[in-house]
1. Relative to the longest principal Cα axis of chain A, at what angle does helix A:161-184 sit, 0 to 90 degrees, rounded to 10?
2. Are there any residues in segment A:21-43 with a reduction of at least 20 Å² in accessible surface when going from the isolated chain to the assembly of protein chains? Probe 1.4 Å, please list them by number.
3. Please report the orientation-averaged projected area of the protein assembly as shown, defined via the convex hull of its C-alpha atoms, in nm².
4. Which whole-angstrom value gives the distance between the alpha carbon centres of segment A:117-185 and segment B:36-74?
5. Tell me the relative contact order for segment A:85-185 as a rounded percent, counting alpha carbon contacts under 8 Å between residues six or more apart.
6. What is chain B's relative contact order, in percent, from Cα pairs under 8 angstrom and six or more apart in sequence?
7. Tell me, what ³J(HN,Hα) does each residue in segment B:137-144 have, in order and in whole Hz, if you take phi through Karplus 6.51 cos²θ - 1.76 cosθ + 1.60 with θ = phi - 60° and put x for Gly and Pro?
8. Give a residue-ordered list of calculated ³J(HN,Hα) values for segment B:77-83 (Karplus: 6.51 cos²θ - 1.76 cosθ + 1.60, θ = phi - 60°; whole Hz; x for Gly, Pro).
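The values are calculated or read from the model by the stated rules, or taken from the named source; none is laboratory data. Computed from a prediction, not measured in an experiment: that's the story for all the values here. Cβ coordinates were reconstructed from backbone atoms using ideal geometry, including for glycine residues, and neighbour counts include every protein chain displayed. The accessibility values were calculated without ligands, DNA or RNA, using every heavy atom of the protein model including side chains. Shrake-Rupley method; radii C 1.70, N 1.55, O 1.52, S 1.80 Å.
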Amino acid sequence: MKTTEAELRGLMLAALDGDAASHRTVLARLSSRLRAYYKGKLLRIGRSASEAEDLVQEAVLAIHLKRHTYNPDEPLTPWVHAIARYKLVDFVRRTRTSFADVPIDDADDVMAHDDHSDAESSYDIRRLMERLPKNMQCAIEAVKLDGLSTAEAARKCGLSESGVKVNVHRGLKTLAVLIAQETKS
Amino acid sequence: MKTEDLVTVLSTRIEPVNHRMVGWTMGIALATSALVALGLMLVGLGIRADLTTGRALAFLLLKLAFTVGVVAISSIYLMRLARPGGERRTSSIRIMMPFAAIVLLAAISLGLAPSSHWDEMVLGDQWLECLLSIPIIAIVPFAIIVAAMRKAAPTNLERAGAFAGLIAGGVSAMAYALHCTDDSLPFIALWYGGTIAICTWVGARFGPQRLRW
């Protein structure tokens with residue numbers, strides 16, 4: 001437990017500094033813990049494993065989009081748990097499951113188990129992206145899917161470099177909202 | 001979509017982020033909301049004209065001490081509430097301290113005064129103006145603070161909303177104090193304390209809807 005925290009926190013700090021490999025590792029390792037956490041919670045209240053996967057991805061997106069709110073002086077586990085639980089409560093509210101069904105839990109629960117099963121969520125990111133405004137779509141596709149640099153993406157989309165950054169960020173936020181709407185229905 | 005693919009998408013070409021942004025954003029929002037409240041008071045009401053007398057000045061300082069105390073303490077908690085899990089480290093006890101102090105002082109001053117003066121001390125001349133002005137001036141500061149909170153990630157929306165309302169009410173009362181000529185402790189306790197409490201309650205009601213992310 002302690003080593004997980006220290007290791008993940010180190011990766012997180014590197015990720016905050018812009019290290020893509022650490023970012024990838026920390027998100028991947030958190031997602032397997034989140035999967036175990038959400039499956040445990042949702043199966044107990046009679047929801048499916050694919051819904052758990054939707055939630056895993058919502059939480060991973062939230063962790064990515066809100067990573068600037070992690071205070072490096074604090075442990076990582078409570079921060080991840082707060083986001084994971086917030087998304088769980090939000091999911092339960094919007095899918096109208098009785099609120100009393102979500103048991104109180106401890107921050108360490110979110111790091112307690114790994115689940116590496118290779119599940120898929122119920123939505124398709126490419127399809128959701130079609131619903132984004134043109135600039136956001138182009139910027140995300142260029143930077144996040146094709147891995148172009150900001151300058152290359154700017155040329156491709158006819159935007160300024162800061163325009164690309166803004167559109168990627170707003171686009172991911174909008175995607176997170178679309179995903180949440182998708183899992184409601 | 002596979003979660004693995006999502007992780008790949010998110011980790012491609014990432015930018016470094018500044019963890020101090022949350023503090024900066026909240027700080028700027030607090031300063032802006034105080035300035036806006038002050039501006040609204042100056043334009044709509046004006047500073048009280050009798051500040052040359054010692055009594056008026058003393059009461060102004062007392063009102064400012066109360067309202068600044070409320071804003072200062074609640075700002076600390078608002079900064080915490082802006083981050084995931086921050087609600088674990090907020091205690092509502094400490095925020096009650098300025099309110100408890102002013103209520104205590106009000107009770108003492110009522111106790112020392114003959115009961116025939118009580119009506120006058122509690123209602124003052126302008127209780128209705130105070131009751132309306134503080135919540136109205138608080139609207140724009142509340143919107144500014146909520147907008148700043150939305151850039152962060154509160155995970156207890158009701159409490160975050162309540163503290164946003166509390167601070168908005170606090171800065172508004174701070175500005176209103178410069179205009180208000182009702183100089184009695186029971187007046188401050190009831191009408192300042194009460195309107196700030198109303199702002200807090202309204203903030204808590206709006207939180208879950210306005211702060212959701």
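1. 40
2. In segment A:21-43, residues shielded by partner chains: A:23, A:24, A:27.
3. Numbers: hull surface 91.0 nm².
The Cα convex hull of the protein assembly as shown, projected and averaged over all directions, gives 22.8 nm².
4. 49
5. Values: 58 pairs, mean separation 26.7, N = 101.
Relative contact order here is 26 percent.
6. Working: 277 pairs, mean separation 68.5, N = 213.
It rounds to 32 percent for chain B.
7. Working through the residues one at a time gives 4, 6, 4, 5, x, 4, 4, 5 Hz.
8. So the Karplus estimates, Gly and Pro as x, are 6, 4, 4, 5, 5, 5, 9 Hz.
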